[in-house]
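So the structure is just underneath, and the comments pick up after that.
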Amino acid sequence: MQSENNIPISSIHRMVDCPLCEKNNFKVIYKYKPNRYNHNYFYTPSWDGGLEVGLTLVKCKSCNFKYQNPIFKDEDLNLLYPESIAPENLKPADFGDFSFIYKAVKPYIDSSNKDFFAVDIGTRVGGLPKLLQENGVNAAGIEMNKALVRASNKYGVKNIYEGKVDNLKEVLQKHNKSNVDLLTMTDVIEHLTNPNKDFKLISSLQKSGQILLLTTMFDDSLGRFFFGKEWYYIHAQHTLYFSRKTITEFLHKFGYKVVKIDSIPFYKSLIHLPKGYTKFFKHKWHLLAGTKFTPKKWFADDRPECQDMMTIVAIKS
Ligand SMILES: [Zn+2]
């Protein structure tokens, strides 16, 4: 099957309008062929779920937003997100380091308000809610991967529930809340397949002055500029590629004012560049030579980046 822009689309794909301006007027920027990473020699779950499908990134001609088009249909997302295996017994290190998130949101946490409530969506094993709870904040987490929720519950982290953005309202109801003071999503927004639906819901559950914190990779970064098509962050699970400008515009649509965007300082990002280039050439070489890796190699092992992540703090207007 071909779309009107001559992009071959498989039966598990659907074409989408620009998630930012909602128009359907784009040009293709990168096209990755099916089997770019041979499944016999590479682990590729986040590229294409081991399927013979390509990946296409496009840029909206109206608003310049970059996104994946076509994307996996929602009913086929299980192919792209095989249930990840969680360790039976978690260790403290498995929760990750969220101290930089806590530092970013701390000025907005009203510790005198006993009703203050935080929810982390896409919480994995609940590392961020756990840290917030340890700092006296009433916090919950939502995670779609059952294995991770089970492991977290077993460890004893409180208020970790299975679900997605759609389940936010019922999680709030469980805690007798109708809105959420602090909503966090770390490395989640770039995975959404219905971002407008999700943010309409999120926005309806936050009142004026309440806080939203997001982290995601940014497309106007040094790594993206230098490594282009081989940039570490480009793969099939990542549908949305925000820049500092487009994330601000996107959140504005839902009544949020961005108050802060943190990213690695430019000079520090530069320090990563030589290491990135070493990876870049190694990666290009293996692709060109068709290296047969035994045992299989993770496809992104030597895909380069320059720590191109941003943290966004926004306030509901
Ligand atoms: Zn657009």
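The values are calculated or read from the model by the stated rules, or taken from the named source; none is laboratory data. None of the values given here were measured: they were computed from a predicted structure. Cβ placement follows ideal geometry from the backbone for every residue including glycine, while neighbour counts extend to all protein chains displayed.
Values as computed for the structure displayed
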read-out	value
Matching residues in the range 95-113 - criterion: being acidic (Asp, Glu) and modelled with pLDDT of 95 or more	97
Some residue of the range 256-270 being in a loop (DSSP other than H, G, I, E, B), out of contact with any helix residue (DSSP H, G or I) (no Cβ under 8 Å at 6 or more places or on another chain) and more than 27 Å from residue 105 (Cα to Cα)	no
Search result, residues across the range 38-52 that are among the charged types (D, E, K, R) and part of a loop (DSSP other than H, G, I, E, B)	52
1 or more residues among the polar types (S, T, N, Q): qualifying strands (runs of 3 or more DSSP E) within the range 114-193	138-143, 182-186
Residue within the range 90-108 that is within 16 Å of the ligand (Cβ to nearest atom), polar (S, T, N, Q) and more than 18 Å from the chain's Cα centre (by Cα) present	no
Positions within the range 20-37 being surrounded by fewer than 18 Cβ atoms within 10 Å (Cβ to Cβ), within 16 Å of the ligand (Cβ to nearest atom) and not in a strand (DSSP E or B), in sequence order	22, 23, 24, 25
Total residues in the range 162-191, condition of a type outside the set (D, E, K, R) and farther than 24 Å from residue 95 by Cβ	4
Members of the range 53-89 found to be of a type in the set (D, E, K, R), away from the ligand (no atom under 16 Å from the Cβ) and outside any loop (DSSP other than H, G, I, E, B), listed by number	74, 75, 76
Members of the range 282-316 that are of a type in the set (Ser, Thr, Tyr) and within 30 Å of residue 202 (Cα to Cα)	311
Scope the range 201-219; condition loosely packed, with under 15 Cβ neighbours inside 10 Å and either among the charged types (D, E, K, R) or touching a His at 6+ places or on another chain (Cβ under 7 Å) (or both); matching residues	207
Residue pairs meeting the criteria (Cβ under 6 Å; at least 6 apart or on separate chains; first touching a residue at least 60 places away in the same chain (Cβ under 8 Å), in the range 17-28; second near the ligand (Cβ under 8 Å from one of its atoms) and not in a strand (DSSP E or B))	20/63; 20/65
